[in-house]
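First comes the structure, then the notes that go with it.
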Amino acid sequence: MIQINLFVGSRYPVNRKLIRETVKKKLTEHKVDNAQVDISIVGIRKIEELNRSSLNHKGTTDVLSFPQHEKDKLDDFPLPKGIPPHLGDVVVSFPEAVTTAKRFGKLVDQQICFYIEHGLMHLLGFHHE
């Protein structure tokens, strides 16, 4: 079972169904069928705070990911029956998605899903240099 916990600020109109479908599709593509992932859509202040506190980077960013467990070790931790292991968290900046979507002529929801896919790849152990 793939469990998606979606946290969206009330000021950010997003297509929740599309986000859930995107997460399920990406995890399924990578043979993950039993995991829990948290997705948060936040504003500038929150993404700046997380960027500074977690990466020691100043300013904003588009997406952050916080892995909880490595993909191949998801089942190594004992959990209550029916509770999938927590893969990690993906945090997306709504204002950054709006700006980038305008720049590239995309829908904001498409840009948000692109950022979520990028964050999920990090949770799955794929990293860029």
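Readers should treat all values here as calculations from the given coordinates under stated rules, not as data from a laboratory. Please read all numbers here as calculations on a predicted model, not as lab measurements. Here the Cβ positions follow ideal geometry from the backbone for every residue, glycine too, while neighbour counts run over all protein chains shown.
Counting only trypsin sites (Lys or Arg not before Pro) that DSSP places in a loop and that have at most 16 other Cβ atoms within 10 Å, the longest clean stretch of the chain runs over 32-57.
Over all orientations, segment 1-72 has a Cα convex hull whose mean projected area works out to 5.5 square nanometres. Per-residue ellipticity at 222 nm, computed for the chain from helices alone with -39500 (n - 2.57) per DSSP H run of at least four residues, works out to -13000 deg cm²/dmol. In this structure, the pairs whose alpha-carbon distance is over 25 Å, taken from 25/106; 24/106; 17/81, are 17/81.
Is there a quick way to get the dipole size of the chain? I mean about its Cα centre, with the Cβ of Lys and Arg at +1 and of Asp and Glu at -1; what is the value in debye to the nearest 20?
Here the chain has a charge dipole of around 520 debye.
A full extension of the chain between residue 117 and residue 30 corresponds to an added length of 30.2 nm, given 0.36 nm per residue minus the alpha carbon distance. Counting only DSSP beta bridges whose two residues both lie in the chain, roughly 25 percent are antiparallel. Remark: segment 5-21, residue by residue, has Karplus-estimated 3J(HN,Hα) of 9, 10, 10, 10, x, 4, 7, 10, x, 10, 8, 4, 5, 4, 4, 4, 4 Hz, where x stands for each Gly or Pro and the curve is 6.51 cos²θ - 1.76 cosθ + 1.60 at θ = phi - 60°. Around the amide H of residue 35, modelled in the peptide plane, lie the amide H atoms of 2, 3, all under 5 Å away and 5 or more residues distant in sequence or on another chain. Ordered by the count of other Cβ atoms within 10 Å of each Cβ, fewest first, 44, 112, 2 give 44, 2, 112.
Normalised by 2.2 N^0.38 Å, where N is the number of residues, the C-alpha radius of gyration of segment 2-123 stands at 1.07.
In order along segment 106-122, the phi-based Karplus estimate (6.51 cos²θ - 1.76 cosθ + 1.60, θ = phi - 60°) of 3J(HN,Hα) comes to 10, 6, 4, 4, 5, 5, 4, 5, 4, 5, 4, 4, 4, x, 4, 4, 5 Hz; Gly and Pro are listed as x.
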